[in-house]
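Just below is one structure, and these are the notes that go with it.
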Amino acid sequence: MASIGSLDSWRWKENQLNYRLLGKTGLRTSIVALGTVSLGVDYGIEAPGEFGRPTEAEAIRLLQQAAGAGINLFDTAPAYGKSEQLLGVALGSHHECYLATKVSVPIGSNGNPMHGPGLRQAVLYSIESSLRALQRDVLDIVQIHNATLDIIAQGEMVQVLLDAQQQGKVHFLGASVYTEAEALAVIEADYFDVLQVAYNVLDQRMALRVFSAAEQAGVGIMVRSAFLKGVLTAKARWLPPDLTELRQAAERSKDVLGGSWRSLPEMALRFCLSSPRVATVLVGARTIQELNQALAAAESGTLPEEVLARTSSLALTDEHLLNPSYWPVV
């Protein structure tokens, strides 16, 4: 593939992907976006031969190939190792691509969230650091990383972000959350343009109330965890004994969605894309092969109605299975 290192060599292949509006932002984003946590840190299930991040050169090639294929949204965070720097090198000068980063909730020396001048300083420092790393003058989207009910209700961190937006350092504000209550609080706060939530064939909780509320409020939905950190892939076979129930759920999903480990990731991604209220689905590809598989799945379209009807039987509700932060080390 030709390099896209200069604007003259840019080849926008919009015909390869569908695009949806990201809520009230007005941005048309590719239905598949690239999540970059696995480019900056070792992430996922430690399956033999399928673990570990790529080299910096491989990561840059992957990012550029994704953009060349029509992916125009890339999600990152300071907590994702070098992923911001990699994105800056690969795509910082390409404003056809939207770069979404995050700001973590600042924690003080007492172990509690910061307030006052210390919080403002920490948030603004994070924004300035992301601007430098991503090689941008303005950040397209900044999300509160793991926003809690207290952080949303207290509003101090939001105000710092609104000030940064007014100063022209940020275009749109968002939040990534874990629970339905947090997601609804983000929507009801009326400050946010984008909401990032976990959603997959095993974790369908957000579809009950959150998606419709977001649509009514004009808040764009970014879905993460389409493969539940690798559970909805062949890597599920290497889950530890403490997660036997989750492995069994993955096996049921395999059987319901086509019958093979090889086809499960494609069907899992197409499940997420089958909700018209989802603007874009983050895929954490580590290799060109994984990227191409995701693109092929997107090209296959949404799931047939008869298959989609069977997916309700796969939904789990146990937070300790659905939230990887509760898992033993995998």
> Once phi is turned into θ = phi - 60°, what whole-Hz ³J(HN,Hα) does the Karplus curve with 6.51, -1.76 and 1.60 give for every residue of segment 239-246, x standing for Gly and Pro?
Replying inline: 5, x, x, 5, 10, 4, 4, 5
>> If you average the alpha carbon positions of segment 181-234 and of segment 135-165, how far apart do those two centres end up, in angstrom?
In response: 18
> What's the tally of Lys pairs in the chain whose alpha-carbon atoms lie under 16 angstrom apart, where the two lysines are 8 or more places apart or on different chains?
Replying inline: 4
> Once amide H atoms are built 1.01 Å from N in the peptide plane, which residues 5 or more positions from residue 143, or in another chain, come under 5 Å H to H?
Replying inline: 101, 102, 103, 174
>> Multiplying the sequence separation of residue 180 and residue 289 by 0.36 nm and subtracting their Cα-Cα distance, what value in nm do you get?
In response: 35.9 nm
> When the distances between all Cα atoms of segment 239-295 are binned every 5 Å from zero, what whole-number percent does each bin get?
Replying inline: 4, 17, 20, 20, 23, 13, 3, 0
> Applying the Karplus parametrisation 6.51 cos²θ - 1.76 cosθ + 1.60 with θ = phi - 60° to the phi angles of segment 272-286, what ³J(HN,Hα) value in whole Hz is obtained for each residue in order, glycine and proline being reported as x?
Replying inline: 4, 5, 6, 8, x, 7, 8, 6, 7, 10, 7, 10, x, 5, 9
>> What whole-number distance in Å separates the alpha-carbon centres of segment 107-122 and segment 41-85?
In response: 30
> Taking H as built 1.01 Å from N, whose amide H comes closer than 5 Å to the amide H of residue 114, not counting residues under 5 places away?
Replying inline: 107, 108
>> Which one, 164, 233, 315, projects farthest toward the positive side of the charge dipole computed for the chain from Cβ point charges (K/R +1, D/E -1)?
In response: 233
> For segment 59-108, max minus min Cα coordinate along each principal axis, in Å, sorted largest first?
Replying inline: 42, 17, 15
> At 4 °C and 1.567 mPa s, what whole-number value in µm²/s does Stokes-Einstein give for the translational diffusion of segment 72-223, with Rh from the Kirkwood sum over Cα pairs?
Replying inline: 82
>> Relative to 2.2 N^0.38 Å, what does the C-alpha radius of gyration of the chain come to as a ratio? Two decimals please.
In response: 0.95
> Could you give the accessible area per residue of the chain, probe 1.4 Å, as a whole number in Å²?
Replying inline: 43
> What is the Rg over Rh value, at two decimals, for segment 278-330, using alpha-carbon atoms and the Kirkwood definition of Rh?
Replying inline: 1.05
>> Connecting C-alpha atoms closer than 10 Å in a GNM of the chain, tell me which of 165, 135, 121 has the biggest fluctuation.
In response: 121
> Taking the chain as a Gaussian network, Cα atoms linked when under 10 Å apart, which of 248, 196, 85 shows the biggest mean-square fluctuation?
Replying inline: 248
> Ignoring ligands, DNA and RNA, what percent of the accessible area of the chain is carbon or sulfur (1.4 Å)?
Replying inline: 49
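The values are calculated or read from the model by the stated rules, or taken from the named source; none is laboratory data. These figures come from a predicted structure and were not determined experimentally. So basically every Cβ, Gly included, is an ideal-geometry build from the backbone, and we count neighbours across all protein chains shown. Accessible surface is based on the protein model in full, side chains and every heavy atom, while ligands, DNA and RNA are left aside. Shrake-Rupley method; radii C 1.70, N 1.55, O 1.52, S 1.80 Å.
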